[in-house]
Each structure stands twice: as C-alpha cells, then as structure tokens.
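A short worksheet on the structure shown next.
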Amino acid sequence: MMRRTLQFGLVFALLAGFFAGCGEKAPAPAPVSHARHKVSHHAPSKGVAAASPSAPAAPAPPPYVYNPAGRRDPFEPPMLVKRPVSHQPLTPLQKFNLGQFRVIGVILGKGAPRAMVVAPDGKSYILRKGTKIGHNNGEVVDITLKAVVVQEKFYDFSGTVRTKIAKIELPEREGVK
C-alpha cells in the first residue's frame, strides 16, 4: 500500500510541475478596440484622403555584404600567413609575389651583375643587388648565372620575424646544358 501511495505522489508531483511550467508568465494580449467604424459607400470628397485598410509595410533590412578587406584568406593555412616587416610605399616590383616573376636574362661581366625579369603585367625590369621585390619585403642579395637570390623578411602568424631565401631561376634553354 505504501508503494502505491509513493507512486501516486510522484505522478501527481510530475503533473503539477508540467502544468505549472517554468514560472514565466505569458505576455498579456494587446487590447482590442471594439469601436465600430462608420463605413461610407459614397465617393470621397475632394481634400479628404481615403484611409488605407493596411498599415504601411516596414522597410526590408539591407542585404548582408561580406567585405574581405584587411582579413586573411580563410583557406590559407595560418602557418603560411605572412605580414611584411616594413610598411614603405610599394614599388611596381613589390606588387607581385616572387613566384609570378620570370627571369629572362642575366648580365655578368664588368660592373655589378644584373638580371632582367618580366612581371605578370608584361613589363620588364632590371634587378641589381639591393632592389626591393615581392610582397614580403624581399631584397635581391645575389645574382648568379642561373638565378636571382632574394631574401624576404616577414612576420609569421605568431609575430616572430622570419627570414626566407628564395630563388627566381632562369629557365633552361633547349639544347644548352
């Protein structure tokens, strides 16, 4: 008998909790006006504006537009995110990545060695030691018979200054070894 009373008490408590809810009160309904409006079946006279049966529609919110300016590429791994060390004005050679340049000739002999490169925009440039090139504040440190050696300094994703040596190689000509 005691067991049945305990079960009944538990079921009663659960039902009471279910019907009581969480204690939040439902918002009061808006008052409804029961005033009767006199409807005229005559044409409105001049100077009296006809009342519209519907309220003016609220303006639609503007559509969301994503602006990627100043943000990193989300598809590029964070380990490869590089930020240049200095913020000097860019030269035409610093507007492109190093991999986009093509070496078309190297001049060795009297004076300092020079190399001619073609940028992606089709313009050609003469490089000497110390010339700034590439996105990551690259500087030409050496020009050899087969390549232009560029040293880049940049901040990595953790804020550490890193140095990278890259080469822009002269393509091999057919029949010449």
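Step by step: first the residues of segment 156-177, then only those that are touching a residue at least 24 places away in the same chain (Cβ under 8 Å) and among the acidic types (D, E), then the one that is surrounded by the most Cβ atoms within 10 Å (Cβ to Cβ). Which residue is that?
In this case the residue turns out to be D156.
Which one is nearest to D156 (Cα to Cα) among residues in segment 60-114 that are modelled with pLDDT of 85 or more and of a type in the set (V, I, T)?
Top of the filtered list is V103.
For segment 140-155, how many residues meet the condition of being farther than 18 Å from I104 by Cβ and surrounded by 15 or more Cβ atoms within 10 Å (Cβ to Cβ)?
Total meeting the criteria: 5.
Count, please, the residues in segment 117-151 that happen to be in contact (Cβ under 8 Å) with a residue 12 or more places away in the chain, within 14 Å of P92 (Cβ to Cβ) and more than 28 Å from the chain's Cα centre (by Cα).
The total comes to 8.
The values are calculated or read from the model by the stated rules, or taken from the named source; none is laboratory data. The model shown is predicted, which means the values in this text are computed figures rather than measured ones. Methodologically, a virtual Cβ is constructed for each residue, glycine included, from the backbone with ideal geometry; neighbour enumeration extends over all protein chains shown.
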